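Visitor: After the structure tokens below, expect a handful of questions from me.
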Amino acid sequence: MDLDALLHDVKAGTLSIDAAKAQLKAAPYLELGYAKLDTHRHLRTGMAEVVFCQGKADEHLVAIFQHLLTTEGAILGTRCSQEQAQLLQAKITSPELFYDPISAIISTQSPDRRGKSGEGMICVVTAGTADIKVAEEAAQVCEFFGAKVERIYDAGVAGLHRLLSKVETIQAANCTIAVAGMEGALASVIGGLVGNPVIAVPTSVGYGANFHGLAALLTMLNSCSNGVATVNIDNGFGAAFIASQINRLAVHGDAKHHFAR
């Protein structure tokens with residue numbers, strides 16, 4: 001809920017007092033029995049509730065999307081399967097929902113908004129092409145929350161010159177998300193090259209002794225570079241949320257500034 005917009009609509013006469021009261025009545029959450037939708041999260045934090053789609057019953061998922069679209073006007077869902085996306089797109093036609101099978105994200109943000117639009121800059125760097133699935137989850141979440149995103153993919157330490165050719169771009173970012181599997185060395189290298197925060201995302205990409213991302217996670221947790229923080233394995237969303245908060249502070253100096261979605 002955007003409280004400023006709500007009050008402006010009442011003042012302009014485009015929203016009745018009763019309709020405004022009905023929206024405010026849902027505070028601080030909307031009780032659905034199987035879910036409690038945090039309709040005031042955007043008001044408190046500047047970022048609306050995001051739906052984790054995986055594991056949700058079809059009827060619950062559709063209802064959650066419908067209710068959040070009513071209160072927020074925009075929505076983003078992560079870890080959405082193709083079957084779930086087809087269901088949501090069939091049940092919800094306005095506003096249009098766009099699905100990206102690589103990142104498994106479904107949202108009201110059209111693909112043509114992805115890329116270099118937005119405020120500030122967050123750099124998303126991957127060690128390899130196999131890490132792009134997690135990286136795209138991070139990049140698209142950052143863009144949904146209003147940040148400009150620069151993607152640098154397949155720039156791992158096995159060919160360090162690829163990364164070094166992009167150093168100026170990475171150094172210009174307010175925050176960098178380093179996504180890597182195997183041994184996870186990328187985050188430490190970037191951390192030694194930049195003056196702004198680096199968020200390390202270990203991925204489950206790798207051979208047997210990688211232990212499904214555990215090796216990369218431990219490498220990143222034990223980084224000797226300063227300014228490197230690590231999220232959980234394959235957690236592109238978690239990295240993106242933190243990066244968006246950092247970028248918002250860099251742009252506005254306001255931890256609760258509401259980025260336009």
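The values are calculated or read from the model by the stated rules, or taken from the named source; none is laboratory data. Everything numeric here is computed off the predicted structure, so don't read it as measured data. Note that each Cβ is placed from the backbone with ideal geometry, even for glycine, and that neighbours are counted across all protein chains shown. Side chains included, ligands, DNA and RNA excluded: accessible areas come from the protein's heavy atoms. Shrake-Rupley method; radii C 1.70, N 1.55, O 1.52, S 1.80 Å.
Visitor: When the residues of the range 49-63 are narrowed to those that are among the aliphatic types (A, V, I, L, M) and closer than 13 Å to Thr78 by Cβ, which ends up most open to solvent (accessible area, probe 1.4 Å)?
Guide: In this case the residue turns out to be Val50.
Visitor: Sticking with this structure for a sec: Listed residues Glu49, Glu83; which is in a helix (DSSP H, G or I), within 24 Å of Gly236 (Cβ to Cβ) and of a type in the set (Asp, Glu)?
Guide: Only one candidate passes the filter, namely Glu83.
Visitor: May I pose another question? Given the residues Ser223, Ser244, which is the only one that is hydroxyl-bearing (Ser, Thr, Tyr) and in a helix (DSSP H, G or I)?
Guide: Every option except Ser244 fails the conditions.
Visitor: So Ile105 clears everything in (1) over 29 Å from Ala5 (Cα atoms); (2) open to solvent by less than 20 Å² (accessible area, probe 1.4 Å); (3) touching a helix residue (DSSP H, G or I) at 6+ places or on another chain (Cβ under 8 Å); (4) among the hydrophobic types (A, V, I, L, M, F, W, C) except one condition, right? Which one?
Guide: That leaves (1) as the condition not met.
Visitor: Report the residue count in the range 146-179 for those that are assigned to a strand (DSSP E or B) and acidic (Asp, Glu).
Guide: Number of matching residues: 1.
Visitor: Go through the residues of the range 184-203 one by one and say whether even a single one is closer than 26 Å to Ile106 by Cβ, modelled with pLDDT of 95 or more, open to solvent by less than 50 Å² (accessible area, probe 1.4 Å) and in a loop (DSSP other than H, G, I, E, B).
Guide: yes
Visitor: I've got another one for you. Going by the conditions given, is Thr70 out of contact with any Phe, Trp or Tyr (no Cβ under 9 Å at 6 or more places or on another chain), under 24 Å from Val141 (Cβ atoms), open to solvent by 70 Å² or more (accessible area, probe 1.4 Å) and not in a strand (DSSP E or B)?
Guide: Yes: the conditions hold for Thr70.
Visitor: Mind listing just one residue for me: the one in the range 93-145 that is of a type in the set (A, V, I, L, M, F, W, C), without any contact (Cβ under 8 Å) to a residue 40 or more places away in the chain and part of a strand (DSSP E or B) and, of those, nearest to Thr230 (Cα to Cα)?
Guide: If we take residues in the range 93-145 being of a type in the set (A, V, I, L, M, F, W, C), without any contact (Cβ under 8 Å) to a residue 40 or more places away in the chain and part of a strand (DSSP E or B), then Ile105 is nearest to Thr230 (Cα to Cα).
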